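The values are calculated or read from the model by the stated rules, or taken from the named source; none is laboratory data. Since the model is a prediction, treat every value here as computed from it, not as a measurement. A quick note on method: Cβ atoms are made from the backbone with ideal geometry, for glycine too, and the neighbour counts reach across all protein chains shown.
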Amino acid sequence: MSKHLLRAAMAVSIAAVAFAFTAPVRAQDAAKPEKPKRQQFTGLIESIDAKAGTVIVKKDTTSKTFKIVEKTKYSTADKKDAAIADIKVGDKVKVAYTEENGVATAHKIGPPDTAKKTD
C-alpha cells in the first residue's frame, strides 16, 4: 500500500510543478498592451516642417501637432499617391493618426471625405 501512496504523491508533485511553470506564461500573455486606437482630425494645415517631421493642423481654435514618419501616406484631391511636398499650408485635410505617450503620429494625410450626393 505504501508503494501506491508514494506513486500518488509523486504524480501530484509532478502536476504541481507543471502548473507552476504554466501560470507565469499565461500572465505574460494577458499583460500585452493594447494597440493604440486610430483616430481622425480634420482641419486646415497651419504649418509643415519636413525636417522636424511635424505637421500642425488647426480646426476652429484647436491646433494639433502630428509627427510624420517614413510610413505616413499622403494624398491630394488630384493625386492618390502624393508626397509631403504636394501638401500645402492652408489645405483642408483629414489626418488618420494614433496617439501614444502623448505623441500623435500621422498615418495618412489627405483631403477630407466629401459628402456623397443623393438624387
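Taking the residues in region 78-112 that are closer than 12 Å to LYS67 by Cβ and of a type in the set (Val, Ile, Thr) as candidates, determine which candidate is surrounded by the most Cβ atoms within 10 Å (Cβ to Cβ).
ILE109
When you scan region 13-32, do you find a residue that is touching a Lys or Arg at 6+ places or on another chain (Cβ under 8 Å), exposed (fewer than 14 other Cβ atoms within 10 Å of the Cβ), of a type in the set (Val, Ile, Thr) and modelled with pLDDT of 75 or more, even just one? Let's see the steps before the verdict.
At the first step, the residues of region 13-32 found to be touching a Lys or Arg at 6+ places or on another chain (Cβ under 8 Å) are none.
No, every residue in region 13-32 fails to be touching a Lys or Arg at 6+ places or on another chain (Cβ under 8 Å), exposed (fewer than 14 other Cβ atoms within 10 Å of the Cβ), of a type in the set (Val, Ile, Thr) and modelled with pLDDT of 75 or more.
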Test: residue in region 76-99 that is under 16 Å from VAL57 (Cβ atoms), among the polar types (S, T, N, Q) and part of a loop (DSSP other than H, G, I, E, B)
yes
Residue that is modelled with the lowest pLDDT, among those in region 53-76 that are surrounded by 11 or more Cβ atoms within 10 Å (Cβ to Cβ) and farther than 14 Å from ALA106 by Cα
THR76
